[in-house]
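Colleague: A single structure is presented below for examination.
FYI, it's all coordinate maths here, none of it is from the lab. What you see is a predicted model, and the numbers here were worked out from it, not measured in a lab. Backbone-built Cβ (ideal geometry, glycine too); neighbour counts: all protein chains shown.
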DNA sequence: CGTCTAATTAGAAGTGTATCTAATTAGATC
DNA sequence: GATCTAATTAGATACACTTCTAATTAGACG
């Protein structure tokens with residue numbers, strides 16, 4: 001959903017998010033009517049009705065036909081139904097991209113120039129940082145603790161914590177002080193974290 | 001459209017008539033998300049997001065699932081689509097009755113106890129009053145001007161004007177000072193008035 | 001049990017909206 | 001052209017809404 005579509009949708013909802021305007025649409029659905037007539041039906045003053053009609057007209061939901069002094073307003077059924085269809089598809093299909101705005105944002109705030117500035121105390125954020133960190137290791141290869149530390153060290157001084165957390169989040173497994181990266185599919189849905 | 005339906009519809013439109021809330025719906029259409037995550041995506045503070053979510057929750061458009069401290073919100077797609085269908089039928093079928101609120105209102109303000117208080121200067125209103133007045137006469141019968149006056153007199157003193165107007169609006173026709181009522185189908189669509 | 005995290009609630013500031021009265025415009029009528 | 005009618009525009013008031021910061025609640029963890 002583009003920025004343009006979004007504001008158009010908001011405008012549409014705003015136009016109908018009002019009892020008086022909704023009643024206007026209802027009254028005009030039956031037949032065209034003059035401003036005076038609408039004011040009488042809704043029990044509002046004419047300037048008020050005029051104001052609401054101008055809002056509906058901006059969005060092309062109604063049009064006006066002048067006959068002498070009298071202004072007859074009528075509904076644009078096509079425009080109305082087009083907008084309604086737009087609301088359907090907008091919420092069904094929904095924005096396609098942007099998926100990982102959140103992760104990107106978290107990473108930017110905790111990692112800079114390949115250096116972890118701070119290990120977030122929040123589990124969800126820590127998980128995102130570790131997910132980034134574990135990409136530094138190859139999948140098939142075995143890493144002795146010594147080597148693991150050497151890789152982590154320039155990224156963050158607290159190698160012990162990161163080592164422990166990587167294992168804790170099941171992103172790496174350890175056997176006799178030899179570490180190996182775990183495929184993402186094995187920890188992705190890990191609901192413990 | 002009942003009063004209840006109308007306010008429900010207004011509530012629904014109001015709920016979506018806001019950029020932030022529309023974005024929330026968009027973000028939740030993909031998957032459930034925590035408040036913190038949503039705040040990050042929309043670039044708003046958490047209390048603000050919380051506030052918007054509570055509005056959506058009131059209308060049952062979203063629901064919440066707590067997991068520890070974290071509150072995951074997710075969309076109620078059924079509720080959403082149900083509301084969208086409701087908007088379609090509401091504007092297509094439209095209010096059935098109420099048709100002549102306007103005429104009734106005009107009559108009430110100019111006629112009281114079978115007496116015309118004032119002959120409106122407005123053409124449209126005058127037409128409504130005359131439409132009411134002409135019902136006092138039978139269709140087949142012929143009325144000499146004398147008798148016509150006697151019938152009109154107790155309703156309004158200015159018999160001359162009303163007589164002239166009835167003929168002018170083609171609601172009665174005159175021949176040699178004998179008057180006869182014209183069937184409504186013959187003057188109903190008379191666009192001169 | 002005290003501390004930390006995630007969320008909500010309370011309260012405040014600024015903006016927007018609905019409605020009204022009064023003034024203005026524009027068409028029709030005498 | 002003066003007057004009347006229908007509508008719009010201008011300006012004012014009152015209320016609602018969005019967003020923020022600060023304070024509070026409730027769950028998790030050492």
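Colleague: In nm, what does the list of distances from residue B:88 to its counterparts in the other copies look like, shortest first, when each label sits 7 Å along Cα to Cβ?
Modeller: Nearest first, the other copies' label points are 0.4 nm away.
Colleague: Still on this structure: Run the label-point distances for residue A:175 please: 7 Å along Cα to Cβ, every other copy, nanometres, shortest first.
Modeller: In ascending order, 11.5 nm.
Colleague: When each pair of different Cα atoms in the protein assembly as shown is counted once in the 1/r mean, what is the Kirkwood radius in angstroms, to one decimal? Can you show the working numbers first?
Modeller: Values: mean 1/r = 0.0369 Å⁻¹.
Roughly 27.1 Å, rounded to one decimal.
Colleague: Continuing with this model, one more query. Under a plain spin-label model, where a point goes 7 Å from the Cα along Cα-to-Cβ, how far apart in nm are residue A:115 and residue A:19?
Modeller: 6.2
Colleague: Name the chain B residue with the Cβ nearest the axis that maps B onto A: which is it, and what is the distance in angstrom?
Modeller: Per the B/A rotation axis, the closest residue of B reads B:17, 2.
Colleague: Relative to the other copies, what are the label-point distances for residue A:115, with labels 7 Å from Cα along the C-beta vector, expressed in nm at one decimal and sorted shortest first?
Modeller: 9.7
Colleague: Then there is this: Hey, what angle do you get for helix B:3-16 against the long axis of chain B, alpha-carbon based, 0 to 90 degrees rounded to 10?
Modeller: Result, in degrees: 40.
Colleague: For chain B, what does the helix formula give at 222 nm: sum of -39500 (n - 2.57) over DSSP H segments with n ≥ 4, over the residue count, nearest 500 deg cm²/dmol? Walk me through the numbers before you get to the answer.
Modeller: Details: 10 runs with 108 residues, N = 193.
Taken over chain B, the calculation gives -17000 deg cm²/dmol.
Colleague: Could you sort B:142-152, A:12-22, B:27-37, A:37-47 so that the peptide with the highest average Cβ count within 10 Å comes first and the rest follow in order?
Modeller: Details: B:142-152: 14.5, A:12-22: 19.9, B:27-37: 18.2, A:37-47: 16.5.
Ranking the peptides B:142-152, A:12-22, B:27-37, A:37-47 by packing returns A:12-22, B:27-37, A:37-47, B:142-152.
Colleague: Given an 8 Å cut-off on Cα distances and at least 6 residues of separation, report the relative contact order of the range A:101-187 as a percent. Show your work: numbers first, answer last.
Modeller: Working: 82 pairs, mean separation 24.5, N = 87.
In percent, rounded to a whole number, it is 28.
Colleague: Please find the FRET efficiency linking residue A:11 to residue B:60, where r is the Cβ-Cβ separation and R0 is fixed at 25 Å, and quote it to the nearest 0.05.
Modeller: Numbers: r = 25 Å, r/R0 = 0.99.
Using R0 = 25 Å, I get an efficiency of 0.50.
Colleague: Roughly what angle does helix B:19-30 make with the longest principal axis of chain B, taking Cα atoms, 0 to 90 degrees, to the nearest 10?
Modeller: In chain B, helix B:19-30 runs at an angle near 60 degrees to the longest axis.
Colleague: Another question, then. Return a whole-number percent for the relative contact order of chain A, with Cα pairs under 8 Å and 6 or more residues apart as the contact set. Mind showing how you got there, number by number?
Modeller: On the way: 166 pairs, mean separation 27.7, N = 193.
Worked out over chain A, it gives 14 percent.
Colleague: In nm, give the distance between the simple-model label positions of residue B:88 and residue A:69, each being 7 Å from the Cα along the Cα-to-Cβ direction.
Modeller: It is 4.4 nm.
Colleague: Subtracting the Cα-Cα distance from 0.36 nm times the residue separation, let me have the gained length for residue B:77 to residue B:124 in nm, one decimal.
Modeller: Going from the current span to full extension adds 12.1 nm.
Colleague: Say R0 is 22 Å: what FRET efficiency, to the nearest 0.05, do residue A:151 and residue A:184 get from their beta-carbon distance?
Modeller: On the way: r = 18 Å, r/R0 = 0.84.
Efficiency, rounded to the nearest 0.05: 0.75.
Colleague: Distance in nm between label sites at residue B:167 and residue B:136, each 7 Å beyond Cα in the beta-carbon direction?
Modeller: Rounded to a tenth, the inter-label distance reads 1.8 nm.
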